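Below: the structure, in structure tokens.
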């Protein structure tokens, strides 16, 4: 089946599928774990009038432990064709699956809880951005309201257990700077501050650096990310609007390659793309105190992820 946009080009979109395989280790808590995530998504943009674009996205995600959810997202963009500025508002639902430590840890001082349910929330964001051929920057404010937040609760006698216990309200900001020294290179730096909006979760600063190279028919990039402070729950991306930062103090190194699959078979460019990404994380978990929970620092943690994605434009 072929999907075609209207001839006037006012409707644009993208749909595809993603697969993620992850495995990791938290020293002293449980053996090495593994988990697979499968998802399908669709995203469309429609020019409702001159300078205004309405966006809508939908993602279905299934985790290997049986959890699944559908997360919709909508956006409205004002971007005059004659101006380098644009303004964007985004609203959508979020979903975070309980992690392996929260489900299965079995140390003497804490235990996992297989009855945990995913954290769900509402994410709203507002962005102002400027872009030229060489430079671009953006500033973003966001707020996320969460339910069924997972915390570590004291049971007495030195025992603790993970439970869905509280709600949370998070607010934050993000600033991103991009420099394109040549037509084939992008260099990006960003800083995100997750400020405390209530007494449930603590602040966090996240810094990211990324370099990408663009060639005919493919691109590749490397990135590093680092964060510190107590645990919070929000990172914004276009298709996956909320990803839980996987540890309270961590460093991530990742690399990716994206190829224009259509060009391999002599078809028109930009008809399909394939992305392969690998990631390595090291860090520690720190659990926040709330409603009887206590601070707890887990031992050294090491995670690895392989991510595959394929997408097709309308």
Among the residues of the range 119-140, how many are closer than 17 Å to residue 177 by Cα and under 16 Å from the mean Cα position of the chain (by Cα)?
1
So is residue 98 within 20 Å of the chain's Cα centre (by Cα), closer than 23 Å to residue 305 by Cα, assigned to a loop (DSSP other than H, G, I, E, B) and at pLDDT 80 or above or not?
yes
Can you tell me which residue within the range 1-18, out of those that are over 30 Å from residue 51 (Cβ atoms) and over 17 Å from the mean Cα position of the chain (by Cα), is modelled with the highest pLDDT?
2
All but one of (1) within 29 Å of residue 58 (Cβ to Cβ); (2) in contact with a strand residue (DSSP E or B) (Cβ under 7 Å, 6 or more places away or on another chain); (3) assigned to a loop (DSSP other than H, G, I, E, B) hold for residue 115, so report the exception by its number.
(2)
I'd like to know if the range 19-29 contains one or more residues that are modelled with pLDDT of 90 or more and part of a strand (DSSP E or B).
yes
Those residues of the range 130-188 which are touching a strand residue (DSSP E or B) at 6+ places or on another chain (Cβ under 8 Å), in a loop (DSSP other than H, G, I, E, B) and either buried (at least 17 other Cβ atoms within 10 Å of the Cβ) or at pLDDT 90 or above (or both), in sequence order:
134, 184
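The values are calculated or read from the model by the stated rules, or taken from the named source; none is laboratory data. Only a predicted model underlies this, so the values are computations on that prediction, with no experimental measurement involved. Please note: Cβ atoms are built from the backbone with ideal geometry, for glycine as well, and neighbour counts cover all protein chains shown.
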